[in-house]
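Worksheet: the structure to be examined is printed underneath.
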Amino acid sequence: MARVMRSTLALVPFLAVLGCSDETLSPTPLPPRSLDAGALRLEITAEPRLVLSREGETLLDLGPDGLALGVIDAVSDDHNYDPYWLYEDSPLYDVPEDLRWLTPRSAAFRDDAGVSLDLDYGSGITASLDVEIFADGTFALRWTPSASAQTAFMRLGPDADASEGFYGLGEYFDAVNHRGHLRAMQIEAGGGLESSYNEAHVPVPFLVGTKGWGLFVESQYPGAFAVATQNDRRIEAAFGTGTASSEGLTFYLMGDAHPLDVTRHYYEVTGFPGLPARWALGPWVWRDENDDQAQVESDLDIIRALDLATTGMWIDRPYATGVNTFDFEAAKFPDPDAMIAKMHDLGFRTAVWHTPYLDEGDPATASLRAEAEAGGYYPLETAIKLNGWGLPLDLTNPDAVAFWQSNLKAYVDMGIEGFKLDYGEDIIGGLFFNRTPWVFADGSDERTMHARYARVYHDTYRGVLPDSGFFLICRAGTYGDQVNATIIWPGDLDASFARHGEKVDAPGGAYTAVGGLYASIVAGLSLGPSGFPYFGADTGGYRHSPVPREVFMRWFEQTAFSTVMQIGTSANDVAWELGGENGFDQETLDRYRDYTRIHLRLFPYLWSYVTRLAADGRPIARALGLAHPELDEHPDDTYLLGDALLIAPVTDGGVTKRPITFPEGRWVHWFTGEEVVGPTSREVDAPLGRIPVFISDASLVPMLRPTIDTLAPVAGGSDVDSYATRAGLLYVRGVAGGNGSFELFDGGRVEQISDGATSRLVSHSGSELDEGAIFELLAAEAPASVGDLVAVADLSALEAATSGYLYEAGTLWVKVPAGDGEATITW
C-alpha cells in the first residue's frame, strides 16, 4: 500500500465495547470519531458504522453488515474461492455448504491516534479495522481478520443514494451505468457468449458514484461487485481471499465535488497515466494478415497518394518466421529495414503484434525454447494452456524478463516503436470451485496472477521502449497498468451493429454476440473513469468480417471523435480497396478521408487533455451521465469528448435520425450549424456519413490545419504535410457569440469573450503552434465589422495574410497574428 498520513485528533481517548455480544448485554453509547481529508469527512462509530460525507451530505453508509466475513469450517488450499458464483447460480460451482456470513457483534476503539477498531464476530473470530487519511479527499482502510483458517471471503457492503448512477469497474460492454449489474473482477468461463467467456479483460475494482465518491479495493484476488442488484442502495464488493485472508483487505474511500474528479484520487493511489507518443493517438491502420512486404509498401504509397491522414501502421501476424522468433520471415519480408525506413520517410510510425509465448510446435523457435527451458524462464507450476502456441513466460523472473527483452531489442533496433500486445490471459483463477494451480518465481500463484500477469507482461515491453515516443496497445489490463500509457483495445468485437449478448441468426449458425459498435462505445466510456483514458477499438470490428459498408462508416465516424483511432478488421478491409463484398465505394473512401483528417486535426485538443491528466485526472471521453449527473440520465451511446464536444453516434442499421439529450447551454452542430439550447432532448438528423457532433458555446476546440497528413517526421524534401516539419497555424473552432477559453499543451491560450453586441477573440501563441490563429466561428451572422481587419476572398488568402476575416454561409473565419493576437467583432 502506498504511504499514508496518520491524523492526530484532539479527541477524548476511549476504549469500550459496544454491540450485543454474549459478553456485553448493556452497551455504553460513545460519541463518534471523525477524520477530515479536506472537504471529505469519514465518521466512525463503534457499532461499527462508517459514514462518508461531504459538506453534510452522506455519500456512503457502511454499517455493521457492510463488513462481513464469509467463514467455513476450514479453508482448503485446493479450492478456488471465487465470489462471483455466490451471486450467479451455476450447477458447476459448489458453494461450500458450511459457508456462513458473520458481521461484527461488537467493536472497540483501540487507540486515540487515527482510528483503529477491534471487531468481534463471535465464536472466537475477530478482525481489526485501521482507518487513516491517505491524502485530501481519500481515506485508506485496512481490514484484517484473525481467523485466516476459517475466512474464505471478505465482503464490503456500503449503501449509496438510491437514485445515483455507478461508473468505473473497468471494461464492460453492455451498459456504462452498473446499477443493477453483477460485475466479475476476472475472466469467467461460460457467460453464453460466442467467445465462451465473459470478456472481462480489464476489470478494475474501482467504483464511482455520481454523487461524487469512489470505492477502490486494492485486491487482485477473485472478486465481484453486485451493484444495487438486491436493492437500490446496496453495493456489495466481495473478494475470495481464501488462504490469504490473514493479509487482510485494503480499500479506499474517496470523494470530490464532481464525479469526474474522483478518478484523480484513484490515480494518487495507483499512479497517474503515462504519456504515449503523440502519434499514438492515430489514425493507425493495419491488416490482420499482411501478404508480404510488397503489400505493406503498396499500402504506404496508396495512403499518401490518396491523401489519407495517417500517423502509423502496425504489422499484425503472421509476419515473423514463427511465434515468437523476433524476426521477419525472409521469403515474405526480404528487407524489413528498408520497409521500416520507407514507413518513417513517409511519416508513419511502426509497431508489430506480439505475445509472451514461444510456439511449441514450430521448429523455428527450438533454440529459443531450449534457452528458456534451461534458464527456468517458465512458471514453476502450470495449469491449463489457453492459447495455441505455448506456455507464457514467467515475467516475475528477472532473468526471464532480461531474456525476453534482449530479443525484443532486435525489433527496437530496426526502428519498431511500439507493440500490439495480444493474449497473456492464460492464468485464470480456477474452473468453478477448483483451482487451476500456477506457481511463479516470485512466489505468487494464479489467485492474483490472473490479474497481475497483464501488468508484468506490459512492463516487460515498456522496458525496451524509449522514455517518450512509444506505443503500447493491449487487450488486457489491471489497476496500476495505466502508468505504462497503456492503450486498451477491446479484443475481438463483432463487425456489426449487434449488442453485447444479442442473439444473432447468421448463415453459418446462430450465435450470441460479443457486441459490435455499440459495445465498443460502452467499453471506452467504462474504461475512462476506471483509470484507462486511452482507448482504441478496431474500427469496423473483427468477428464475422467482412464489415458491411454501413457499419464501417458509422464506426469510423465514431472513432474519429475518440481518444485513439485505429482502423483494421479480420477480413483485411481497407477503405481504398473498393467494389468488394463489403460494398465499399467512392463515397466510403471520401468520408473515410474526411473523418481520419478530422481526428488528426483534433490533435491539439486531445493532446491538451492528455497532458492535463497529471493535474485533474478527468477521463477524456466522458459518458453523459457521469459528466452531467444533474440530468439523471445514463445513455450508453452519448458522451462528451473533453468539455466542448457532445458526441451521439448512430449505432443501428438503417437509422438516419436519433434522439439526443443536451445538457444546459447552447450547442451547435459541428457539420450543419444547427443550434440547440439545453437542457432538452431533441431528435437530430443523422444521415450516413454525418455523425451528430455538437460544440458548446462555452468552450473552444483548437485544431491543426486542414491539410495535415501526419504528426511524425518525414524525409527531407517530402511533400507529406507533417506537424514535425511545421506546426503551422492554429485553427480554433467555436460558436459565434460564445464565451470560452482553452489552455493548450504548449502553453498557448485562446479565448472568446462576448457580451451580445461584440465578441473579442484573443490568442496567445504557445511554444509550438506559434504562427498565429484562425478562429472559425459557427452559427455566425454576417458581422457589422471585425475591427480594422480586412475581408479576404477565400480561406487560402486568409491563411496567407497576417490577419483578416472571411464570412461564408453562417461561418466566420478571423485570423489574428502570432504572439498576442486579438480581434473584436461587432455583430
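The values are calculated or read from the model by the stated rules, or taken from the named source; none is laboratory data. All of these numbers come straight from a predicted model, not from anything done at the bench. Quick reminder, even Gly has a Cβ in these numbers, built from the backbone with ideal geometry, and neighbours come from all protein chains shown. Calculation scope for accessible area: heavy atoms of the full protein, side chains included, ligands and nucleic acids excluded. Shrake-Rupley method; radii C 1.70, N 1.55, O 1.52, S 1.80 Å.
Points to keep in mind about this one:
- Each 10 Å bin from 0 upward holds the following percent of the Cα-Cα pairs of the stretch 604-646: 30, 50, 20, 0.
- What you get for the chain, charging only the Cβ of Lys and Arg (+1) and of Asp and Glu (-1), is a dipole of about 1100 debye around the Cα centre.
- In Hz, Karplus ³J(HN,Hα) per residue of the stretch 679-686 (6.51, -1.76, 1.60; θ = phi - 60°; x = Gly, Pro): x, 6, 10, 8, 7, 10, 5, 8
- Listed residues ALA351, LEU281, LEU300: farthest to the positive end of the dipole of the stretch 254-403 (Cβ charges): LEU281
- Contour excess over end-to-end distance, with Cα ends at ILE384 and ARG749 and 0.36 nm allotted per residue: 125.8 nm
- For the stretch 59-161, the Cβ-based charge dipole about the Cα centre amounts to some 260 debye (Lys, Arg positive; Asp, Glu negative; other atoms uncharged).
- Stokes-Einstein diffusion coefficient of the stretch 709-776, Kirkwood radius over Cα pairs, 25 °C, 0.890 mPa s, in µm²/s: 183 µm²/s
- Volume per residue of the C-alpha convex hull in the stretch 144-239, rounded to whole Å³: 112 Å³
- Shown for the chain: the carbon plus sulfur share of the solvent-accessible area, taken with all protein chains present and a 1.4 angstrom probe, equals 48%.
- Size descriptors for the stretch 488-613, from the alpha-carbon set: Rg then Dmax equal 15.0, 48 Å.
- Farthest toward positive dipole pole in the chain [+1 Lys/Arg, -1 Asp/Glu at C-beta], among TYR266, ASN290, PRO318: TYR266
- Cα shape, the stretch 666-744, gyration tensor, a/c 1.5 rule: oblate
- Three-way shape label, the stretch 261-358, alpha-carbon gyration tensor, a/c 1.5: oblate
- Extension gain from GLU373 to ASP73, taking 0.36 nm per residue of separation minus the Cα-Cα distance: 103.9 nm
- In order along the stretch 120-131, the Karplus-derived 3J(HN,Hα) couplings, from 6.51 cos²θ - 1.76 cosθ + 1.60 at θ = phi - 60°, round to 10, 9, x, 6, x, 9, 10, 7, 10, 9, 10, 10 Hz, and Gly and Pro are given as x.
- Convex hull projection area averaged over all views, the stretch 305-374, Cα basis, nm²: 5.8 nm²
- When the helices of the chain are scored as -39500 (n - 2.57) per DSSP H run of n ≥ 4 and the total is divided over every residue, the value at 222 nm lands at -5000 deg cm²/dmol.
- Where Rh is the Kirkwood radius over Cα pairs, Rg/Rh for the stretch 381-463: 1.01
- For GLY255, residues with placed amide H under 5 Å, excluding near neighbours: GLY214
- For the stretch 516-521, 3J(HN,Hα) computed residue by residue from phi via the Karplus equation (6.51, -1.76, 1.60; θ = phi - 60°) reads x, 4, 4, 4, 4, 5 Hz, glycine and proline entered as x.
- Radius, Kirkwood style, for the stretch 62-212 when every pair of distinct Cα atoms is counted (Å): 17.8 Å
- Projecting the Cα atoms of THR596, GLY756, GLY361 onto the charge dipole of the chain, computed from C-beta unit charges around the Cα centre, puts GLY756 farthest toward the positive end.
- Distance between the modelled labels on TRP101 and SER163, one decimal in nanometres: 2.8 nm (7 Å Cα→Cβ projection).
- Rg/Rh for the stretch 372-520, where both radii come from Cα atoms and Rh is the Kirkwood radius: 1.03
- Relative to the current alpha-carbon distance between ALA793 and ALA615, full extension at 0.36 nm per residue lengthens the span by 59.8 nm.
- Built amide H within the under 5 Å cut-off of ASP288, gap 5+: THR569, ASN572
- Reciprocal mean inverse distance between Cα atoms of the chain - Kirkwood radius, Å: 28.4 Å
- Computed label-point distance, nm, for sites ALA715 and ASP442 using a 7 Å Cα→Cβ extension: 4.5 nm
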